[in-house]
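J.: Take this structure, written in structure tokens, and hold onto it; I'll ask about it next.
The values are calculated or read from the model by the stated rules, or taken from the named source; none is laboratory data. As the structure is a computational prediction, the values presented were derived from the model and not from experiment. Quick reminder, even Gly has a Cβ in these numbers, built from the backbone with ideal geometry, and neighbours come from all protein chains shown.
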């Protein structure tokens, strides 16, 4: 039975000769999906040479992708069609000025039976009329309406169902300048779609010549009762002369009105066999005849069944007797076979007998017979061999064909789910996308085991899943990475090396080899400071102390190194490399934390050195799992789970949970500054650098194999490049990837 749409649609454009811009209303359908339709209302308020191309591209792409979608689910097909339309017009819209984008207004409605899906851009309206109430379900007008994004024109979808007493009216913004919402409600509720369009057109016909209006009315289908056999079509009245009618893409015919026509036949000439009583009598007579037939056939069928059951019983008895008789012979044969296998002499004897018997049979077949019989025998043997080979080849081909069909069906299903996951990801449904990707990945693993020779298709699907997962997790491979310097000699202890940024200069330090060098980025050189005669000794870590000084920490000592004068000042400092945690500096002060006492410790700069340790944290807080520290006025601690703990004035302000899907490794480095709104987290075990905003959202995950050996990172003064120390190499990574 052919499915009939629950609602009918009538569209109309009222365009005056002096109206600027472009306005189109499309009603699209396809014979492959008779229960589905698309309605597009597209308006561009400014006149532009690209208007028609943009409108045609959007309409054509949505139509093709929606009706030819690889899925039968309307929601996925609609999401996929909008995503492809975004890609189709992206390049054209990106070159348009921002104020031009504010002049484009689109509403797309997809109907599947009583279900409706809506997507909109700009200021358009979709009024839902139900039980004397009217609601604008789009709500895109007003000063809060967002400016369209040229890279992603359609951003969200509204879904719902239209009941049998529900109508929907799609209009552009200009309609509300001349018609009230109440007037639209009355027309949609009191008339069917065609009459409502005619009534609204009559009201709008008095508008000035510089206005254009787009209308689409979706209302329930009404089927008037038909009293007799005849049906007459009425031709719809012609539309107003001042209207320009858009070509409709729908293959459906205009609505047909059903009129009542009286039966003019003479009652006396009506055949009595046409009456309901005569038909009932025929059915009763047929039923009685069938019952009589079964009464005759039933005894014969019972007798035949009895004979069949008796035969089967005798057959089973015979099989049982044969089994009883054959069991001793089978046991004896088994014992003889086992004895033959165990005894070599017996085995040799039987093999000789078998060989002699086979030789005699071959000799008799080839020499004892006439040549004709010999040739006939050889021919029969050849035919048997050929027949056997052909059957084997046929079975193999059939098996391969069946396996290929099974593979194509499964891989097509997997590829379809990958497309659905991509559409869900584009429209922000990350959970659904991840669930689909996990499902397809499991199915792909099973498929790889079952069809190991289909490596190319399986690898392509696996790469598509990996790409989508990286996109969902905002992973991005680092490009334009450069090696700025190679450390010579190669560092001995990686824990005693690092990078320090002071004003516009970058420094590398190696505490084991008692070396501090400035980084000459343009020339890609490391220039060691001349500190050999200044009393420089080995140290564990170093950090910024002031605009010109580096504080190098050794056991019970701090070495204050003036990088401009290349001088060293020593001071006692309570530092024990065996138990010390990471340090950070801010405002000439040094900060660290103690996991045993759960304290954040500050050392204030006083004169040429630092004061004794001060407990900066004023509340009890567990610090046992903290891994690194950074300070920019706030104090930031990152723990083993990647959670960033933010402290202000000695108390906890808030926490930022780890935003990535997989947990971090055991070694984490946290970097931030007062002049940037980003946390940079180095996770070397996962070969990545995470960029997290200070509000807690993940911007991106920069990935590269060289980060596996990374131990420290910093940033230049302009915030344009990240510098990473990995083994004996210093790399430069542009922030803008």
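J.: I need a count of the residues in region 683-706 that are surrounded by 17 or more Cβ atoms within 10 Å (Cβ to Cβ), over 24 Å from residue 634 (Cβ atoms) and either without any contact (Cβ under 8 Å) to a residue 60 or more places away in the chain or not assigned by TED's automatic domain parsing to the domain that holds residue 500 (or both).
T.: The total comes to 3.
J.: Taking the conditions exactly as written (free of Cβ contacts under 8 Å to residues at least 60 places away in the same chain and surrounded by fewer than 16 Cβ atoms within 10 Å (Cβ to Cβ)), does residue 160 satisfy them or not?
T.: Numbers: free of Cβ contacts under 8 Å to residues at least 60 places away in the same chain: yes; surrounded by fewer than 16 Cβ atoms within 10 Å (Cβ to Cβ): yes.
In short, yes.
J.: Return yes or no: is residue 113 loosely packed, with under 15 Cβ neighbours inside 10 Å and in contact (Cβ under 8 Å) with a residue 24 or more places away in the chain?
T.: On the way: loosely packed, with under 15 Cβ neighbours inside 10 Å: no; in contact (Cβ under 8 Å) with a residue 24 or more places away in the chain: yes.
Against the criterion (loosely packed, with under 15 Cβ neighbours inside 10 Å and in contact (Cβ under 8 Å) with a residue 24 or more places away in the chain), residue 113 does not qualify.
J.: Given the structure, is residue 77 in a helix (DSSP H, G or I), assigned by TED's automatic domain parsing to the domain that holds residue 38 and either on the phi < 0 side of the Ramachandran plot or surrounded by fewer than 20 Cβ atoms within 10 Å (Cβ to Cβ) (or both)?
T.: The answer is yes for residue 77.
J.: Next question. Any chance you could count how many residues in region 521-556 are under 15 Å from residue 509 (Cβ atoms) and in contact with a strand residue (DSSP E or B) (Cβ under 7 Å, 6 or more places away or on another chain)?
T.: 21
J.: For the condition modelled with pLDDT of 85 or more, within 22 Å of residue 442 (Cβ to Cβ) and not assigned by TED's automatic domain parsing to the domain that holds residue 73, what is the one hit in 431, 389, 385, 414?
T.: Values: 431 fails: modelled with pLDDT of 85 or more; 389 fails: within 22 Å of residue 442 (Cβ to Cβ); 385 fails: within 22 Å of residue 442 (Cβ to Cβ).
After ruling out the rest, the residue left standing is 414.
J.: For residues that are part of a helix (DSSP H, G or I) and exposed (fewer than 15 other Cβ atoms within 10 Å of the Cβ), scanning just region 80-97, find the one that is modelled with the highest pLDDT. Steps first, answer last, please.
T.: Going residue by residue through region 80-97, those that are part of a helix (DSSP H, G or I) are 80-94.
Add one more test, that the residue is exposed (fewer than 15 other Cβ atoms within 10 Å of the Cβ), and what stays is 87, 90-92, 94.
Numbers: 87: 89, 90: 86, 91: 84, 92: 86, 94: 83.
The residue in question is 87.
J.: Could you check region 423-442 and list, in sequence order, the residues that are surrounded by 15 or more Cβ atoms within 10 Å (Cβ to Cβ) and either touching a strand residue (DSSP E or B) at 6+ places or on another chain (Cβ under 6 Å) or closer than 25 Å to residue 406 by Cβ (or both)?
T.: Let us first name the residues in region 423-442 that are surrounded by 15 or more Cβ atoms within 10 Å (Cβ to Cβ), namely 423-427, 429, 432-434, 436-437, 440-441.
Of everything in region 423-442, those that are surrounded by 15 or more Cβ atoms within 10 Å (Cβ to Cβ) and either touching a strand residue (DSSP E or B) at 6+ places or on another chain (Cβ under 6 Å) or closer than 25 Å to residue 406 by Cβ (or both) turn out to be 436, 437, 440, 441.
J.: Here's something else I'd like to know. In region 116-140, which residue that is over 24 Å from residue 81 (Cα atoms), touching a strand residue (DSSP E or B) at 6+ places or on another chain (Cβ under 9 Å) and modelled with pLDDT under 90 is surrounded by the most Cβ atoms within 10 Å (Cβ to Cβ)?
T.: Among residues in region 116-140 that are over 24 Å from residue 81 (Cα atoms), touching a strand residue (DSSP E or B) at 6+ places or on another chain (Cβ under 9 Å) and modelled with pLDDT under 90, the one surrounded by the most Cβ atoms within 10 Å (Cβ to Cβ) is 130.
J.: Can you say whether residue 48 is surrounded by fewer than 22 Cβ atoms within 10 Å (Cβ to Cβ), at pLDDT below 90, in a loop (DSSP other than H, G, I, E, B) and out of contact with any helix residue (DSSP H, G or I) (no Cβ under 7 Å at 6 or more places or on another chain), as far as the supplied structure shows? Steps first, please.
T.: On the way: surrounded by fewer than 22 Cβ atoms within 10 Å (Cβ to Cβ): yes; at pLDDT below 90: yes; in a loop (DSSP other than H, G, I, E, B): yes; out of contact with any helix residue (DSSP H, G or I) (no Cβ under 7 Å at 6 or more places or on another chain): yes.
So residue 48 passes the test.
J.: Would you mind stating whether residue 77 is under 29 Å from residue 421 (Cβ atoms), modelled with pLDDT under 85 and under 20 Å from the mean Cα position of the chain (by Cα)?
T.: Working: under 29 Å from residue 421 (Cβ atoms): yes; modelled with pLDDT under 85: no; under 20 Å from the mean Cα position of the chain (by Cα): yes.
Against the criterion (under 29 Å from residue 421 (Cβ atoms), modelled with pLDDT under 85 and under 20 Å from the mean Cα position of the chain (by Cα)), residue 77 does not qualify.
J.: Okay, next question. Do you know which residues across region 653-672 are assigned to a loop (DSSP other than H, G, I, E, B) and surrounded by 18 or more Cβ atoms within 10 Å (Cβ to Cβ)? Walk me through how you get there before you give the answer.
T.: Initial filter on region 653-672 (assigned to a loop (DSSP other than H, G, I, E, B)): 657-667, 672.
Matches in region 653-672: 658, 659, 660, 664, 672.
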